[in-house]
Each structure stands twice: as C-alpha cells, then as structure tokens.
1. Tell me, what is the 1.4 Å probe accessible area of PHE167, in Å² to the nearest 10?
2. Could you give the nm distance between label points at ALA216 and ALA230, where each point is 7 Å from its Cα heading toward the beta carbon?
3. Give the ranking of ARG67, ARG44 by solvent-accessible surface, highest area first, calculated with a 1.4 Å probe.
4. Residues with beta-carbon under 14 Å from that of LEU228, excluding LEU228: net charge, scoring Lys, Arg +1 and Asp, Glu -1?
5. Going from most exposed to least, what order do SER16, SER96 have by accessible area with a 1.4 Å probe?
6. Could you derive backbone 3J(HN,Hα) for segment 286-298 from the dihedral phi with the Karplus parameters 6.51, -1.76 and 1.60 (θ = phi - 60°), listing whole Hz in sequence and x where the residue is Gly or Pro?
7. With the calculation restricted to Cα positions, what are the radius of gyration and Dmax of segment 19-140 in angstrom?
8. Give the calculated FRET efficiency between VAL139 and THR209 to the nearest 0.05, with a Förster radius of 35 Å applied to their Cβ-Cβ distance.
Amino acid sequence: MTTPRPVLGVAMVLASAGLFAVNGTVSKLVLRAGLDAPQLTLLRAAGAVIGLLVLSVLLRPGARRLRATPGQLPLLIGYGLAGFFAVPMLYFVAISRLPVGIGLLFEYTAPLLVALWARFGQRHRVRPRLWAGLALSLVGLGCVAEVWGELKLDGLGVLAGLGAAVFLAAYYVLGAHGTARRDTLSLCTWAFGASAVAGLLTRAVTVGTGGWEPLAADTEGGVPVALLCAYTVVLGSIAPYLLVAGAMRHLPATSVGIIGMAEPVLASAVAWVVIGPGEALNTAQLTGGLLVLVGVALAETARVAPARTTAPPAHGTVPPAPDTAPGAHGTVPPAQDTVPPAPDAATVPPGAGRTASRPARPGPGPAG
C-alpha cells in the first residue's frame, strides 16, 4: 500500500482548481465568440470522450474496463446526463450572463443541497453547524445578488446557476449510490459519452440555432477559438478530473472539497484579469462570496459518518452510501471520506489519476 502524501494531494487539488478556474474564462470567451452553451457542451463532451477512450485502450486492463451490464446502464447514463451534460450546459448559460465568479458561487451551493438530502431524504445524523452553514450561504447569496436594491444580476443567469447546483447535487447522490464498482477512467468515459450523445440529440432537434463558423474565427484578443475549445477539452476537463482523482489517494474527500473551494476565488481573479472590470465583484459581493464558501465548508463537515461495524449486516440491509465531496463544476465523482487504498498495477503514473479496475474513489467539480 502506497503511503499517502498529503502535500502532493493538496498540490493536485490546487492544480485542478486552477485549471478549472481558467476554464471558466476560456469558456466565456468561446461563448462570446459566437458558440452557444449546447454547442460548447457538445464539443467538450465529444472531445473528452475521445481522449478518455484513447487512455482506456492504452492503459491496462485496456478496453475491458468499459464493459457494463444492462443493469448498470441506467445509472451510468443518468450520472452522465446530470453531471456531465446538464451541469456544464447550465453553467455555460450562467457565465454567459453573469460574472464567472458569481456563476460559480451559485453552483457551489450544491453541497448544501446534498447535506439537506442526507438529513431529510436519507435520515442521516448531521451536526448543528449544517444550519449555520445554510444560513451563512443564504445570506451570502443575498449579498452577491444585492437583494436590498434593484436586482442587478441577470435573472436567467441566476436561475441557470441554481439549476446547475440542483443537477450537481443529483450527480453527487447518484454517484454515492452506484459508482463504487467502477474505476474513475471508465466512469468518466461513460459519463462523457452519455453527455456527447445528449449533445448530439439536442443539436439535432435545435438545428439551425447556431452554426459552427465561430470555430474558424479568433476572439477579440486574436486567440483562435478552436485553440480555446481544445483547452476546455484537455486542460479544462480531462486533466483536472484525473488530478482530483489522483488527489483522493492522498487526502480525505472532505479535505479535497474544502481545498477545491479555491476555485471560485481563482476564477474571479482570472476573469477580471483577462476579460476586464465587468468581472470584478464589489465589496458586498466579495463579502457574500466569502460567506457562501464558509457556509459550504460548514455543511461539508456537518454530516456524521455512519458507525462502522465488523459484523455483517443483518436481514439483507444495504450499507449506507458513502460521504461525498464537492467537486464544484468540475463534477468529479463523490468519494468516501477516507484515503483510498493504493491502486493496483493498472494505474496511471502518480499525478495523472487512478485508472485501476478497483472501485472509484475520486473527489467540481465544475462543469466549467
């Protein structure tokens, strides 16, 4: 068993947060260049599934890892549609109408929804700080929206951000109940595949809504749009997912989630530098953003892990679902709040994420 290296795990989480943060600005530039949210979602998913298929074939045990039984398909498809299609598309709509940092803050409320589901839907015990976290986050969102005056935020953008949070929470719940039997690489490949198919179907029923001409154009700053799209696939999707998956070999899931909350801060800074003052947050919004992040951290640490026992479950009872960690809009699968065992020989080298045929235990992520 490989000895966990927490410092390496922290570095991997921060690197993934940085890549996701830059991806928010890159995606917004692509949207400004003329592609719409469904088109960008399709490009991202199609490119990512191709890249992951190549990795699946090249790394042991090869394409065998992608096998799935008919009974597994509903979960795999639903998992992909929720976390890899609906979340990124709504996120793209949100950041096309809101500053990138604000769009992320609305989506970052997903862990609160998961904690509430654990309390009321699954009847799990939670610590009292859950309610303090919920209150802080609601106050923080009110500050971000500046509800004491005229609402300055685009209504559709706010709804899209909150919708992304709902689907991200559903993605966490689905993952906690059914992804433990698949490795990270095969899981992400199936999920991106489902997203790509959904994107193609969406494109088919909305034909004529937008052409692909912007792919051959440049942004206002002279950067080729095609190059930015390549970033969203390679460095905005595949690389950060695998980095977070690798970090889960060295850190508990809750730690990964809390460290990953650097993403909205980094995303706001990158957007302000690259796009301009329109992405800047005023004092009230910065304060609100801080309250949201503190509230999410409180909620993430509020769930009480079920008591472990060495006795077998009686009368066919089902073990409780594992705890989940926030992946922001990167939408990496949830994980147990323990450091996972070292992968077997079928792995990517350290720093590239797990690809063994063992249960998946990665920590977004974001859809960004």
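1. The value for PHE167 is about 90 Å².
2. Roughly 1.8 nm, to one decimal.
3. Details: ARG67 165, ARG44 5 Å².
In descending accessible area the options line up as ARG67, ARG44.
4. Numbers: positive: LYS28, ARG32, ARG44; negative: ASP218, GLU220.
Result for the local shell: +1.
5. Details: SER16 5, SER96 65 Å².
Heavy-atom accessible area, descending, gives SER96, SER16.
6. Listing the rounded values in order: 5, 4, x, x, 5, 4, 4, 5, 5, x, 5, 4, 4 Hz.
7. Here Rg and the maximum Cα pair distance are 18.4, 49 Å.
8. Working: r = 39 Å, r/R0 = 1.11.
With R0 = 35 Å, the Cβ-Cβ based efficiency is 0.35.
The values are calculated or read from the model by the stated rules, or taken from the named source; none is laboratory data. Source: prediction; values computed, not measured. Virtual Cβ from ideal backbone geometry, glycine too; neighbours counted across all protein chains shown. SASA here: full protein model, heavy atoms, side chains in, ligands and nucleic acids out. Shrake-Rupley method; radii C 1.70, N 1.55, O 1.52, S 1.80 Å.
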